[in-house]
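First comes the structure, then the notes that go with it.
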Amino acid sequence: MQTFDLDAQGLRALNSTLHGLRGQTNQTVWDVVNPKGAHSIAVGLDAPIDLTVHGSTGYYCAGMNKQATVRIKGSAGPGVAENMMSGTVIIDGDASQYAGATGNGGLLVIKGNASSRCGISMKGIEIVVHGNIGHMSAFMAQSGAMVVLGDAGEALGDSLYEARLYVRGSVKSLGADCVEKPMRAEHLEQVADLLQRGEAEHLARPEDFKRYGSARKLYTFNIDNAGEY
């Protein structure tokens, strides 16, 4: 195990060292201590490593992640796992705004609550939130899936494309072109898989969730739908 003291060694040295691990490496387990809310911790990783941050982080932790598994033993600031490509990011606490924004792949697990715009413009990422999500979550989400064990705020899935949204609790309101859809066998299977991989299989059953998706009225401009834009 490699231990990196961020307070003593600095953020630039940490990210430079981690970027040097591109591809295969035998330095696969890392502990980062004393993060003290620093921004941009472990951004741009591209190696199959397991990294644990012992404490809360600032902006953009684990942004652009590829291959790595990153666990945050605390809460995360805005933009955690932003533009993630692959790998896994697990947050033991809460996440601030736009968690998982523009994510292309991988799995983001938030064991607390997520603030506004969770999963905004998601492009293939999978997100599991054990708690609640804030307003405008999954805005313009294009593909991927989000599972929320708690409640969703206003304008869920506004201007949604083809992402699948599953919410167990209440939804304050749906955004433009987002509608409730039936849960078929394939959707129950997807939720079961995400609950298992999201360390939440003991907290909920797939049958507890409702599915939300695009009504597909806003793909191209139509004057008859002008009031929906």
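The values are calculated or read from the model by the stated rules, or taken from the named source; none is laboratory data. A quick note: this is a predicted structure, and the numbers were derived from the prediction, not measured. Don't worry about glycine lacking a Cβ; one is built from the backbone with ideal geometry, like all the others, and counts go over all protein chains shown.
Some values worked out for this structure:
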{"item": "Residue in region 48-68 that is over 19 Å from GLY106 (Cα atoms), charged (D, E, K, R) and at pLDDT 95 or above present", "result": "no"}
{"item": "Count of region 84-112 residues which are touching a residue at least 40 places away in the same chain (Cβ under 8 Å) and on the phi > 0 side of the Ramachandran plot", "result": "2"}
{"item": "Check on SER137, in a loop (DSSP other than H, G, I, E, B) and in contact with a Phe, Trp or Tyr (Cβ under 8 Å, 6 or more places away or on another chain)", "result": "no"}
{"item": "Single residue of region 152-196 satisfying the filter (assigned to a loop (DSSP other than H, G, I, E, B), touching a residue at least 24 places away in the same chain (Cβ under 8 Å) and in contact with a Lys or Arg (Cβ under 6 Å, 6 or more places away or on another chain)) that is nearest to SER115 (Cα to Cα)", "result": "GLY153"}
{"item": "Selection from region 136-190 of residues that are among the hydroxyl-bearing types (Ser, Thr, Tyr) and within 10 Å of LYS210 (Cα to Cα)", "result": "TYR166, SER170"}
{"item": "Test for GLY124: is it touching a residue at least 12 places away in the same chain (Cβ under 8 Å) and under 13 Å from the mean Cα position of the chain (by Cα)", "result": "yes"}
{"item": "Qualifying residue in region 81-94 (condition: of a type in the set (D, E, K, R), under 12 Å from the mean Cα position of the chain (by Cα) and either within 17 Å of ILE133 (Cα to Cα) or assigned to a strand (DSSP E or B) (or both))", "result": "yes"}
{"item": "Flag if ALA176 is under 15 Å from the mean Cα position of the chain (by Cα) and among the aliphatic types (A, V, I, L, M)", "result": "no"}
{"item": "Odd one out for THR52 among (1) assigned to a loop (DSSP other than H, G, I, E, B); (2) polar (S, T, N, Q); (3) surrounded by fewer than 22 Cβ atoms within 10 Å (Cβ to Cβ)", "result": "(1)"}
{"item": "Flag if ASP5 is in contact with a strand residue (DSSP E or B) (Cβ under 7 Å, 6 or more places away or on another chain), surrounded by 15 or more Cβ atoms within 10 Å (Cβ to Cβ), among the acidic types (Asp, Glu) and without any contact (Cβ under 8 Å) to a residue 40 or more places away in the chain", "result": "no"}
{"item": "Members of region 197-206 found to be farther than 14 Å from VAL148 by Cβ and either touching a residue at least 24 places away in the same chain (Cβ under 8 Å) or touching a strand residue (DSSP E or B) at 6+ places or on another chain (Cβ under 8 Å) (or both), listed by number", "result": "ARG197, GLU199"}
{"item": "Selected residue (criterion: surrounded by the most Cβ atoms within 10 Å (Cβ to Cβ)) from residues of region 109-126 that are assigned to a strand (DSSP E or B) and in contact with a Ser or Thr (Cβ under 9 Å, 6 or more places away or on another chain)", "result": "ALA114"}
